[in-house]
Amino acid sequence: SPVLELREITKVYGSGPAEVHALTGVNLSVRAGEMVAVMGPSGSGKSTLLTIAGSLERPTSGEVLVEGVPLAGMSRAEQARMRRRHVGYVFQDFNLLPGLTAAENIALPLELDGVKARKAAEAARRALEQVGLAEQATRFPDELSGGQRQRVAIARALVGERRLLLADEPSGALDTRTGEAVIRLLRTFCKKGATAVLATHDAQLAAWADRVVFVRDGVAIDQTAPPAGPESL
Ligand code: ADP
Ligand code: ADP
């Protein structure tokens, strides 16, 4: 079954005259190992789509399935557990804690999940190696470049074998070259079996994805044929 499936998702914020239809009848199915780009102008519903896909918000109607399991059938506790175990997020502002080193930032979610400190530190070290930052393990976020911070955020999202990565404008604050390095990194992970859904308004970056879904006014148009893009790393 697909890693992630959205069925007829609708999201309405507010009510009455303040009502906003952020998403209308969105269907999306993402297979293991796929990298899907969600493109669209500001306010089109990309972030809403990602937060619903990651069960950070409930849809007004429709169904979300992760690894074939409908989220609606789960208790809140089960949903939280599912998120911690399977889903990693990368947000535009990275959300790194300034008082913790790169390694500590990555180990924290594992420790919160009950993993022993030494094991979490070991997993963090491996994750930093994977993103090419082994040398920066003991640096604090403000001692890292924008691109390096972004790679720490990706390492944190994927630590603990979480296989679905949701990234909202993962290159938003980065220059083109660095943004491309981040996308290449995501591609590497997808080649190893992780799955990524990334929201971006940058067509050049979206060209790296296997598939591009366009969102406009809350309606998604799935481009099943991938656009011509860079073939390999
Ligand atoms: P994008 O990520 O493409 O910029 P969003 O998903 O953030 O789009 O927003 C889609 C629409 O939903 C916009 O009109 C936005 O103003 C509205 N919206 C998003 N979040 C909220 C919220 N929490 N409350 C009310 N309206 C919201
Ligand atoms: P900046 O310092 O400009 O913010 P980065 O720290 O992201 O940029 O470094 C960008 C450079 O690092 C790119 O030239 C890219 O080739 C290289 N790079 C990106 N990802 C990795 C990786 N996983 N391992 C090793 N090098 C990488």
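If you check Ala157, Ala121, Ala137 for being more than 30 Å from Glu78 (Cβ to Cβ), more than 10 Å from ligand 2 (Cβ to nearest atom) and hydrophobic (A, V, I, L, M, F, W, C), only one passes: Ala137.
Residues that are away from ligand 2 (no atom under 12 Å from the Cβ) and loosely packed, with under 15 Cβ neighbours inside 10 Å do occur in the stretch 173-192.
Conditions tested, residue by residue: (1) closer than 11 Å to Phe91 by Cα; (2) within 16 Å of ligand 1 (Cβ to nearest atom).
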{"site": "Gln150", "(1), (2)": "yes, no"}
{"site": "Gly160", "(1), (2)": "no, no"}
{"site": "Leu166", "(1), (2)": "yes, yes"}
{"site": "Glu169", "(1), (2)": "yes, yes"}
{"site": "Arg184", "(1), (2)": "no, no"}
{"site": "Phe189", "(1), (2)": "no, no"}
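Restricting attention to the stretch 31-47, the residues being buried (at least 22 other Cβ atoms within 10 Å of the Cβ), at negative phi and away from ligand 2 (no atom under 16 Å from the Cβ) number 6. I'm trying to understand the selection: among the residues of the stretch 102-144, which are free of Cβ contacts under 8 Å to residues at least 12 places away in the same chain and not in a helix (DSSP H, G or I)? Residues satisfying the conditions are Gly114, Lys116. Put simply, of Gly147, Gly88, Gly99 the only residue that is at pLDDT below 90 and not in a helix (DSSP H, G or I) is Gly88.
The values are calculated or read from the model by the stated rules, or taken from the named source; none is laboratory data. What you see is a predicted model; the values in this text were computed from it and never measured. Cβ: placed from backbone, ideal geometry, glycine included. Neighbour counts: every protein chain shown.
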